[in-house]
Amino acid sequence: GAGVSQTPSNKVTEKGKYVELRCDPISGHTALYWYRQSLGQGPEFLIYFQGTGAADDSGLPNDRFFAVRPEGSVSTLKIQRTERGDSAVYLCASAAGRTDTQYFGPGTRLTVL
Amino acid sequence: EDKVVQSPLSLVVHEGDTVTLNCSYEVTNFRSLLWYKQEKKAPTFLFMLTSSGIEKKSGRLSSILDKKELFSILNITATQTGDSAIYLCAPDSNYQLIWGAGTKLIIKP
């Protein structure tokens, strides 16, 4: 595709619910990153995929967060038992390779009520 | 612990002014430093700096890195209202970007 796309653009859910956020990277990009950004702060690294595998998941805050990229393209970030503190903009970025410039999607704004 | 500090946190100037945005960092395994512009949600790439003292330019924007003093600056000359955004710097620490909180720049007509 022309750029990184993310769906949905906005998601409102209730505390305790499960949510899935989707990222479609630029075609051919092997590296994919998930970040979380709260108001007034820079993006916070969550997880990095190289191909299908999670090469670095050190940023996932706890075991309620999980991400997959089964075919090395689309990725899904899954959050179980959502909490109000999970409210943020979730950004996805892709890059041709690990050392290449990251290009960001428009993000998903998650609001947990 | 890795640290990135951007200053000022916010800045309001008039169209036509020149601004300088600062980024100081302390990160392990430094590889490069990136600048991004964030207008709505998606940060857009501006510059990647790897060597000290070499200025990168793109139109009215320019940036330089000092690896000895551990800082970078982003200059914008003849500012326009379209430059209003949050400017983020992110040193690459062993292939992981460490993000600053950003400088919110507002350009008044």
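Some notes on this structure:
- Here chain B is scanned for trypsin sites (Lys or Arg not before Pro) in DSSP loops (not H, G, I, E, B) that have at most 16 other Cβ atoms within 10 Å, and the longest stretch holding none of them is B:69-109.
- Three-way shape label, the protein assembly as shown, alpha-carbon gyration tensor, a/c 1.5: prolate
- For residue A:99, neighbours were defined as the other residues whose beta-carbon sits under 15 Å from its Cβ, and their charges (Lys and Arg +1, Asp and Glu -1) total -1.
- Loop-resident sites, region A:36-113, for GluC sites (Glu not before Pro), counting at most 15 other Cβ within 10 Å (DSSP): A:71, A:83
- Region B:3-108: Lys pairs at Cα distance under 20 angstrom, eight or more positions apart or on different chains: 14
- Between B and A, roughly 1500 Å² of accessible area is buried in total, ligands, DNA and RNA not counted and the probe set to 1.4 Å.
- Relative contact order %, chain B, counting alpha carbon pairs below 8 Å whose residues are six or more apart: 38
- The Cα-based radius of gyration of chain A, divided by its Kirkwood radius, gives an Rg/Rh of 0.94.
- Rg over Rh for region B:3-108 works out to 0.95, both radii taken from alpha-carbon positions and Rh defined as the Kirkwood radius.
The values are calculated or read from the model by the stated rules, or taken from the named source; none is laboratory data. These figures come from a predicted structure and were not determined experimentally. Don't worry about glycine lacking a Cβ; one is built from the backbone with ideal geometry, like all the others, and counts go over all protein chains shown. Accessible surface areas use protein heavy atoms only, side chains included; no ligands, DNA or RNA. Shrake-Rupley method; radii C 1.70, N 1.55, O 1.52, S 1.80 Å.
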